[in-house]
Amino acid sequence: MSKKYRVGILGATGTVGQRFIQLLENHPQFEITALAASDRSAGKSFVEACAWKLSGGMPDSVKGITVQPIEPPLDCDIVFSSLPSSVARETEEAFARAGYPVISNSSSYRMDEDVPLLIAEINHKHTDLIEVQKQKRGFTTGFIVTNPNCAVISFAPPLAAMHRKFGVESVVVTTLQAISGAGYPGVPSLDITDNVVPYIAGEEPKVETEAQKILGQFVDGVIEKADFTVSAQCFRVHVIDGHTASVRVNLRNTATLEEIVEAMNNFPSLNLYSSPKKFIDVCDEPSRPQPRLDRDSGNGMTITVGRLFPDNIFDYRFVSLSHNTVRGAAGSAVLNAELLIDKKII
Ligand SMILES: NC(=O)c1ccc[n+]([C@@H]2O[C@H](COP(=O)([O-])OP(=O)(O)OC[C@H]3O[C@@H](n4cnc5c(N)ncnc54)[C@H](OP(=O)(O)O)[C@@H]3O)[C@@H](O)[C@H]2O)c1
């Protein structure tokens, strides 16, 4: 059997941290050897420190691990980070400088010009930026890669399918984001029950800028961002898991509806352990996608698209959906780690 990489999780007790633990249980390439969280948790066994919220229960293998503070060294080869951005910047840099590959969910480094913002199926060539980053920051074996904001990943894949073939010119997106996107305990129940909240702090700027970096080209050591504009409004809705995006898009070149459906449905998935069979699944049912019915598609790693039609004002409109803590966070980070191993970067 091939070597198993020892992984540490920063923010292990949180919403995304727990999802990492669930996805890494029985993973053929990784074993969890270190868990870290805040001073509230450090020094306790994981079972004492963590209020487990996912179905299926806490895996026995992590219960007895003592939670560490979020400082290097940790007993692991790779670090997955799901820390709040308030502490992620300094901590992730410290781990990278200490020689650890850091695969991050937090927003701290996403838009730094020498840090890849990866969706493995779309822009795996951006991993070439890692060498640039190491040189610039004086890292040795360590580096930082990031995955996108959990709402961005719900619509960037169908946009990528359109952009590659027809060129995207402008996008208007309205996101309907699940409660778990705010972590635990997140949005108070009295604010979200029977309600829609038209504000998520800091979200709209991320949704308006990250897709252009993801769909950019790596040329001469830098990423040239894709040349389109995004206008976004972000809403918190009364859904537990699964972010929905309502999207309208103008294209640079003409495309038929059939061509767009084909470009999305045939966008290749990768052949990695966490890769879904279908990366983008365009469904015909008029009432889909829906969070409860579609978020677990492809083990939570498929992006489901529906309601794809020509629009009266824009060229096309569609609705897309992804699981925010799987494809939007831990699942994408694990897939990125598998990609980095496959490319022999780790
Ligand atoms: N939830 C999502 O759908 C989602 C999706 C994509 C990205 N993200 C990003 O992932 C990160 C984590 O989100 P989450 O939803 O998992 O949040 P969460 O449920 O609030 O969990 C936060 C984790 O970070 C730890 N932590 C908090 N403050 C800390 C501090 N000052 N020092 C050290 N550790 C600290 C907590 O440890 P204690 O238990 O000890 O307090 C906990 O393990 C955020 O940057 C978020 O933006 C979240």
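The values are calculated or read from the model by the stated rules, or taken from the named source; none is laboratory data. Note that this is a predicted model, so its numbers are computed, not measured. In this analysis, Cβ positions are derived from the backbone assuming ideal geometry, glycine residues included, and neighbour counts consider all displayed protein chains.
Condition test on Thr193, is it away from the ligand (no atom under 16 Å from the Cβ), of a type in the set (Val, Ile, Thr) and assigned by TED's automatic domain parsing to the domain that holds Ala232?
Values: away from the ligand (no atom under 16 Å from the Cβ): yes; of a type in the set (Val, Ile, Thr): yes; assigned by TED's automatic domain parsing to the domain that holds Ala232: yes.
Taking the combined requirement at face value, the residue satisfies it.
Out of all the residues in the range 242-266, which are buried (at least 22 other Cβ atoms within 10 Å of the Cβ) and part of a strand (DSSP E or B)? Even if it seems obvious, please write down each step before you answer.
Initial filter on the range 242-266 (buried (at least 22 other Cβ atoms within 10 Å of the Cβ)): 242-245, 247, 249, 260, 264.
Passing the criteria: His243, Thr244, Ala245, Val247, Val249.
Does Ile144 satisfy the criteria of being buried (at least 22 other Cβ atoms within 10 Å of the Cβ), of a type outside the set (Ser, Thr, Tyr) and over 25 Å from His243 (Cα atoms)?
Here the answer is yes, as Ile144 does meet what is asked.
Residues of the range 140-179 being of a type in the set (D, E, K, R) and in contact with a strand residue (DSSP E or B) (Cβ under 6 Å, 6 or more places away or on another chain), which ones?
Within the range 140-179, just Glu169 meets the criteria.
Would you check which residues across the range 296-326 are β-branched (Val, Ile, Thr) and either surrounded by fewer than 24 Cβ atoms within 10 Å (Cβ to Cβ) or touching a residue at least 40 places away in the same chain (Cβ under 8 Å) (or both) and list them?
Within the range 296-326, Ile303, Val305, Ile313, Val319, Thr325, Val326 qualify.
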